[in-house]
1. Any residue in region B:282-291 that is modelled with pLDDT under 90, over 30 Å from B:Val83 (Cβ atoms) and either crowded, with 24+ Cβ neighbours inside 10 Å or over 15 Å from the mean Cα position of the chain (by Cα) (or both)?
2. Out of all the residues in region B:145-171, which are open to solvent by less than 60 Å² (accessible area, probe 1.4 Å), out of contact with any helix residue (DSSP H, G or I) (no Cβ under 6 Å at 6 or more places or on another chain) and within 14 Å of chain A (Cβ to nearest Cβ)?
3. Go through (1) more than 21 Å from the chain's Cα centre (by Cα); (2) of a type in the set (Gly, Ala, Ser); (3) farther than 23 Å from A:Gly149 by Cα and name the single condition A:Ala96 misses.
4. Taking interchain pairs and intrachain pairs at least six residues apart, which have beta carbon atoms under 8 angstrom, with the first residue in region A:59-85 and under 17 Å from A:Ala250 (Cβ atoms) and the second among the acidic types (Asp, Glu)?
5. So A:Gly297 fits all but one of (1) at pLDDT below 85; (2) surrounded by 24 or more Cβ atoms within 10 Å (Cβ to Cβ); (3) within 13 Å of chain B (Cβ to nearest Cβ); what number is the exception?
6. For region A:231-242, what are the residues that are surrounded by 22 or more Cβ atoms within 10 Å (Cβ to Cβ) and of a type in the set (A, V, I, L, M)?
7. Look at region B:56-75 and say how many of its residues are under 15 Å from B:Gly278 (Cα atoms) and open to solvent by 10 Å² or more (accessible area, probe 1.4 Å).
8. Any chance region B:120-143 includes a residue that's more than 14 Å from chain A (Cβ to nearest Cβ) and surrounded by fewer than 19 Cβ atoms within 10 Å (Cβ to Cβ)?
Amino acid sequence: MTVMRLPLGASTRSSLRAGWGLWALAVLTTAGAAIALPAFRTPTSMTSLMASLAPLLLVATGQAVVVLLGGIDLSVGAVLGLATVLVATTESVPVAVALALLAGLAAGAANGLGVLAGVNPLIMTFAAGGIVQGIALLRLSAPGGAVPGAVIDAVTWQAGTVPVAFMAAVGVLALVWFATTQARWGRLLQAAGFASDNARRLGLPVGRVTLLAYSAAGLLAAFAGLAVIARTYSGDALSGTPFVLDSVTAVLVAGIALTGGRGSVLAVLPAAVLLGVVDQVIRLTGTNTNYQFVLKGLILIAAMWLYQAARRRERP
Amino acid sequence: MTTAGLPARRHRLDPHLAVSYALAAVCLVLLGTTTSRGFDPDRILGLLGNQAALGIVALGQTLVLLVRGLDLSVGSVISLSTVVTAAVMDGNPDRIAVAVAATVALGAVVGLANGLLVAYAGIAPLLVTLAVGTIVQGATYVYTNGQPRGGIAGGFRGLADDRIAGTPLPWSLLLWLGVWGIVALTLYRTVAGRRYYAVGANPRAAWLSGVPTTRHSVVAYIASGVLASVAGLHLAAYTGSPSLTVGTSYTLMSIAAAVIGGVALTGGGGGPTGTFAGVLVLVFLGTVLETMDVPAAVQLIVQGGVVIVMMLVNRRLDPARRSRA
């Protein structure tokens, strides 16, 4: 059993080894799309792909942290929406950004406290998502608002063809990967996710780790809200809805076990790229965009099925 | 493990039921005192009839929760049902039967897909139903291209609008109570119902005693799909037109109703009796908020808050569940 060989499964080498198939698949898909579709390999298309990946990477990184802990966060979409609304309805730029990030942090912390109080994470974050979405709709009932020009300039800034939002998202992912594998907090996270009761009996600060993990997911969802503004230039309480499924799909395609404690945050990068390229191809080929929903659902089920089968084989 | 099934034989008052019915009574008093004609039975029966869709879909959600599952696809199934009903019926009263059959069959197929993926592929119910719900939503959009076609026959709208001749009872309320009766009778009074509780309370023990556990799970998901499509039929009759988004809010609301009614997410605890009280709470509270002229967004906030508080209360009521959670 892998469980015996690699109790935490989080070393750099093992997490790279575990994800190589996924990296290969992501690279092959991207190369295939670039060869088959001339429109895909234009700089404009690449910039748009990277800009659309930025919010997904941020949300999925936060989701990955929570899933590593054995939880789940279904409120990320609502938090993202609230962040865009707060930025679009506040005049002063520093206040707007601070308010959005603080709201994300607060929503995440509330989720963490609820889970610690014993509410099932699924229901806690689902209900909290309803509350957060309600607050966002109260502040801005229809998409719109006025995003300060300075914010738009900052988030849409590009270095050549690479949007700064994408670079920031990859940077955050790398940072979180480092934190979950190398820092003491990450070790605690994996231990608490792998066997929560054992970790608690060992005297590890499971409560503090849980609170931090959910807060991080909330904060990253709020950051993703800023990256969404770079594409929509407006506030929309419902703009985060697709990110709930997308982030969970990315995390599971990345091979992070829903039961907690196993998987690598780094693998979220190829998983998100794979999903982003599929979306981009659908857009570029002029296929009915509603097929995106169908395809994403199928990818999620297929990924879960494959990993489930692989885990069954591992057992003696 | 005191929650393990057999609620019908317990003569001690279930604290979960006591709390949820007390809450429903409080909400009823709130409704009666804050609105005009508050306690008028005619009005209250009308209100409940209008929300029959919620009552029915919450029953399906309860069945799935009882076997440690979860159905996040009900909202998409409801929307799909209104679209399919309108398209098949196309405003022709002769085609009502065909439309109803097609809609319910489609709900059963979606439920079957959920059930098979959960029971045989071993994927977490949350993910299966989230994915299947998204696929169903996408299929609805692709099928309609964003523009639902067809129409609801005038006669069919009577299901939501008319009352049974000579009584103040709406037909829709009768439909809800009828479905509730079938579910409750099966769960509380038949061998299949007993086994069903056993599967939820302890799947391994149930399997070792010869209960076909996977089959029970699959049936729960099929029932949930069918009940969601019936809820869609009621909504189609109520609004008189198909809608791509009408079902969305019902996913959270159906889970909220079950949780308020004391249904345990860990399986095997609670039942349709509790869920009925949960629906009453949501309907009364929603009406109070509506008449106070608060925006729909506040309703979302209140619902979420009530669910979180009731989860904490349920935990406190039940030490056995606390240790398992």
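1. yes
2. B:Gly146
3. For A:Ala96, the exception is condition (3).
4. As it stands, the answer is A:Val59/A:Asp246; A:Ala60/A:Asp246; A:Gly62/A:Asp73; A:Gln63/A:Asp73; A:Val66/A:Asp73, since those pairs meet every condition given.
5. The number of the failed condition is (1).
6. A:Ala237
7. Count: 1.
8. No, every residue in region B:120-143 fails to be more than 14 Å from chain A (Cβ to nearest Cβ) and surrounded by fewer than 19 Cβ atoms within 10 Å (Cβ to Cβ).
The values are calculated or read from the model by the stated rules, or taken from the named source; none is laboratory data. As the structure is a computational prediction, the values presented were derived from the model and not from experiment. Glycine also receives a Cβ, built like all others from the backbone with ideal geometry; neighbour counts cover every protein chain displayed. Please note that ligands, DNA and RNA were not included when accessible areas were found on the heavy atoms of the full protein model with its side chains. Shrake-Rupley method; radii C 1.70, N 1.55, O 1.52, S 1.80 Å.
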